[in-house]
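Asker: This is the structure, below, for whatever I ask next.
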Amino acid sequence: MKVLDSINTDVYFNLAMEEYLFKNNLDTEYLLLWKNDNSIVLGKHQNIFEEINLKAVEQAGVPVARRNTGGGTVFHDTNNLNYSFITNQGDVFADYDQFLNPVIMALNEMGVPARKRRTSDIAIGEQKISGSAQTVKKGRVLHHGTLLYDSDLSLLKNLLKTTTGKITSKSVKSVRSDVTNIKKHLTDQTMSLETFKNTLLVTLFPDGVEKVSLTKQDIEAVEALVNEKYAQWEWNYGQSLKFSFEKDCTILNKKGKEIQLAVKLEIYKGCIAKCEVIVDGLVNAKLSERLTGLKYGYGEILHQLEGIGFTKENELRVDCLTDCFL
């Protein structure tokens, strides 16, 4: 096994790097270590609109990325360490334990009372510090996981907060867990993430391990995969399964009068395929027509609503109206 420590903190690049090394260099097994700038990563079979706070994510400018494995949605920042094992194990899903146990043992040796919880989680007590997922293709296994070292947990909770509307879909749902940072449970709480990473490597490979880097050719291939797939809206948002959205709202116009809205949407491939808006008991065709066909997102809806006379006639704040659709 060889270790590749990515110096790139772009979520799209690192996910593309994983896929590239997983599908190429088939005679080589890897442990990849990588960090991302603030980003959200969801499982391959998830509906992103069920998993994130759309408004908060867009306003914070946080990129959303879809990975090639199952499992739930996670938040990454530069104080979260990600690891990926790429091995040749056969054509069936590998036992999670063979990848989780070495990581748990390494954490234990550092004084962290980590243990396995559920099939693919590592926890301290009942608080999660790591989630993992995997995929198998042509006898090769990709198993990857997170290690919450000193992440911004308040930002994590805000960005992953779900809608107050009702969503109906057949997508894979995340299992929400109470989380904690590893650093909080270390004897030496001054330890940097870099020192933690190096200690983890020494513990996993006490006899040493070869470290490698991407070649210029590798980087060009990874960047091509970023542009073709991982940075594309169609992959990250458009791959979400069809779902319906319903929400009843009461908002105040600028004169303080209550306005009742009932919103019903059908979302297909990330776009609003059908839209029904009832305002004070009456269908508003102007709103429905304006939003049908639109990419489903806070900024897109806000922009459309700013351009119609509905808000002027009823003296509604367009941002409050937009919230009724999310």
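Asker: Let a ≥ b ≥ c be the square roots of the eigenvalues of the Cα gyration tensor of segment 36-83; is it rounded (a/c under 1.5), or, if not, prolate (a/b larger than b/c) or oblate? Can you show the working numbers first?
Answerer: Numbers: a/c = 2.35, a/b = 1.03, b/c = 2.28.
Oblate, because a/c is 1.5 or more while a/b does not exceed b/c.
Asker: Say each of K173 and L155 gets a label point 7 Å from the Cα, pointing the same way as Cα to Cβ; how far apart are those two points in nm?
Answerer: 2.8 nm
Asker: Right, something else. If contacts are Cα pairs under 8 angstrom and at least 6 residues apart, what is the relative contact order of segment 244-326 in percent? Walk me through the numbers before you get to the answer.
Answerer: Values: 138 pairs, mean separation 21.8, N = 83.
For segment 244-326, the relative contact order is 26 percent.
Asker: While we're here: E58 accessible area, nearest 10 Å², 1.4 Å probe?
Answerer: Roughly 70 Å² of E58 is accessible to a 1.4 Å probe.
Asker: Can you classify segment 43-185 as rounded, prolate or oblate using the Cα gyration tensor, where a ≥ b ≥ c are the square roots of its eigenvalues, rounded means a/c under 1.5, and otherwise it's prolate if a/b beats b/c and oblate if not?
Answerer: Numbers: a/c = 1.98, a/b = 1.22, b/c = 1.61.
Cα axes put segment 43-185 in the oblate bin.
Asker: Can I ask one more? Would you mind checking segment 194-222 for residues with the amide N under 19 Å from a putative spin-label position 7 Å along Cα→C-beta of T187?
Answerer: From segment 194-222, the list is 195-204.
Asker: Next question. Taking a point 7 angstrom from the Cα of N227 along the C-beta vector, which residues in segment 35-74 have backbone N less than 19 Å away?
Answerer: none
Asker: Report, to the nearest whole %, how much of the accessible area of segment 227-326 belongs to carbon and sulfur atoms, 1.4 Å probe, protein only. Don't skip to the answer; put the middle values down first.
Answerer: On the way: 2510 of 5300 Å².
On segment 227-326, the fraction of accessible area on carbon and sulfur atoms equals 47 percent.
Asker: Can you compute the helix-only [θ] at 222 nm over the chain? Use -39500 (n - 2.57) per DSSP H run of at least 4 residues, normalise by all residues, nearest 500 deg cm²/dmol. Display every interim value, and only then the final one.
Answerer: Details: 12 runs with 97 residues, N = 326.
Roughly -8000 deg cm²/dmol at 222 nm, from the helical runs in the chain.
Asker: On to the next question. In terms of the Cα gyration tensor, with a ≥ b ≥ c the square roots of its eigenvalues, is segment 190-277 rounded because a/c is under 1.5, prolate because a/b exceeds b/c, or oblate? Walk me through the intermediate numbers first.
Answerer: Working: a/c = 3.97, a/b = 2.14, b/c = 1.86.
Note, shape of segment 190-277 comes out prolate.
Asker: While we're here: Can you pull the one-decimal nm distance between simple spin-label points at M1 and N108, each 7 Å off the Cα toward Cβ?
Answerer: My value for the distance between the label points is 1.7 nm.
Asker: For Y96, what accessible area in Å² do you get when you roll a 1.4 Å probe over the heavy atoms of the protein chains, rounding to the nearest 10?
Answerer: Accessible surface of Y96 is approximately 50 Å².
Asker: Sticking with this structure for a sec: Give the share of C-alpha pairs in each 5 angstrom bin for segment 1-42, from 0 to the last occupied bin, in whole percents, shortest bins first.
Answerer: Each 5 Å bin holds this share of Cα pairs: 6, 21, 31, 23, 13, 5, 1.
Asker: I would also like to ask the following. Taking the Cα centre of each part, how many Å lie between segment 62-83 and segment 238-296?
Answerer: Segment 62-83 and segment 238-296 have Cα centres spaced 30 Å from each other.
Asker: Taking R0 as 25 Å, what FRET efficiency do you get between N101 and E210 from their Cβ-Cβ distance, rounded to the nearest 0.05? Mind dumping the intermediate values first?
Answerer: Working: r = 23 Å, r/R0 = 0.90.
So the FRET efficiency works out to roughly 0.65.
Asker: Amide H neighbours of L4 under 5 Å, counting only residues 5+ apart in sequence or on other chains, H built in-plane at 1.01 Å?
Answerer: Under 5 Å from the amide H of L4: L31, L32, L33, V212.
Asker: Taking the solvent-accessible surface of protein heavy atoms with a 1.4 Å probe, what is the per residue accessible area of the chain in Å²? Before the final figure, lay out each step's value.
Answerer: Values: 15320 Å² over 326 residues.
Result: 47 Å² per residue.
Asker: Which angle from 0 to 90°, rounded to the nearest 10, does the C-alpha axis of helix 216-225 make with the longest principal axis of the chain?
Answerer: So the inclination is approximately 30 degrees.
Asker: Turning to a different aspect of this structure: Which label marks the calculated value of P(r) over Cα pairs in 10 Å bins from 0, in percent, given the options (i) 5, 16, 17, 12, 8, 6, 5, 4, 4, 3, 3, 4, 3, 3, 3, 2, 1, 0; (ii) 5, 19, 19, 15, 12, 10, 8, 4, 3, 2, 1, 0, 0; (iii) 5, 24, 29, 20, 12, 7, 2, 0?
Answerer: After the calculation, the listed value that fits is (iii).
Asker: Of K23/K137; K269/K295; K138/K216; K137/K197; K166/K264, which sit over 20 Å apart, Cα to Cα? Spell out each step's value before the answer.
Answerer: Numbers: K23/K137 8 Å; K269/K295 9 Å; K138/K216 26 Å; K137/K197 29 Å; K166/K264 10 Å.
The pairs that break the limit, which is 20 Å between Cα atoms, are K138/K216; K137/K197.
Asker: A further question follows. Take each of the peptides 130-139, 33-42, average the number of other beta-carbon atoms within 10 Å over its residues, and list them starting from the highest. Intermediate results must be reported in sequence, preceding the final value.
Answerer: Numbers: 130-139: 18.4, 33-42: 22.0.
Packing proxy ranking, top to bottom: 33-42, 130-139.
Asker: In degrees, nearest 10, range 0 to 90: what is the angle between the Cα axis of helix 97-109 and the longest Cα principal axis of the chain?
Answerer: The helix 97-109 is inclined about 80 degrees to the chain.
Asker: What nm value, rounded to one decimal, do you get for the distance between T119 and N79 when each label is placed 7 Å out toward the C-beta?
Answerer: 3.2 nm
Asker: Can you tell me which aspartates and glutamates have their Cα less than 14 Å from the Cα of K211? Leave out same-chain residues fewer than eight positions away.
Answerer: The qualifying aspartates and glutamates are D5, E29.
Asker: Same structure, new question: May I ask for the angle, rounded to the nearest 10°, between helix 193-204 and the longest principal axis of the chain, with both axes built from Cα atoms and the value confined to 0 to 90°?
Answerer: It works out to around 50 degrees.
Asker: For H76, H45, what's the largest-to-smallest order of accessible area, 1.4 Å probe?
Answerer: On the way: H76 5, H45 105 Å².
The ranking, largest first, comes out as H45, H76.
The values are calculated or read from the model by the stated rules, or taken from the named source; none is laboratory data. The structure displayed is predicted, hence computed values, not measured ones. Quick reminder, even Gly has a Cβ in these numbers, built from the backbone with ideal geometry, and neighbours come from all protein chains shown. The protein model used for the area step is the full one, side chains on, heavy atoms only, and it has no ligands, DNA or RNA in it. Shrake-Rupley method; radii C 1.70, N 1.55, O 1.52, S 1.80 Å.
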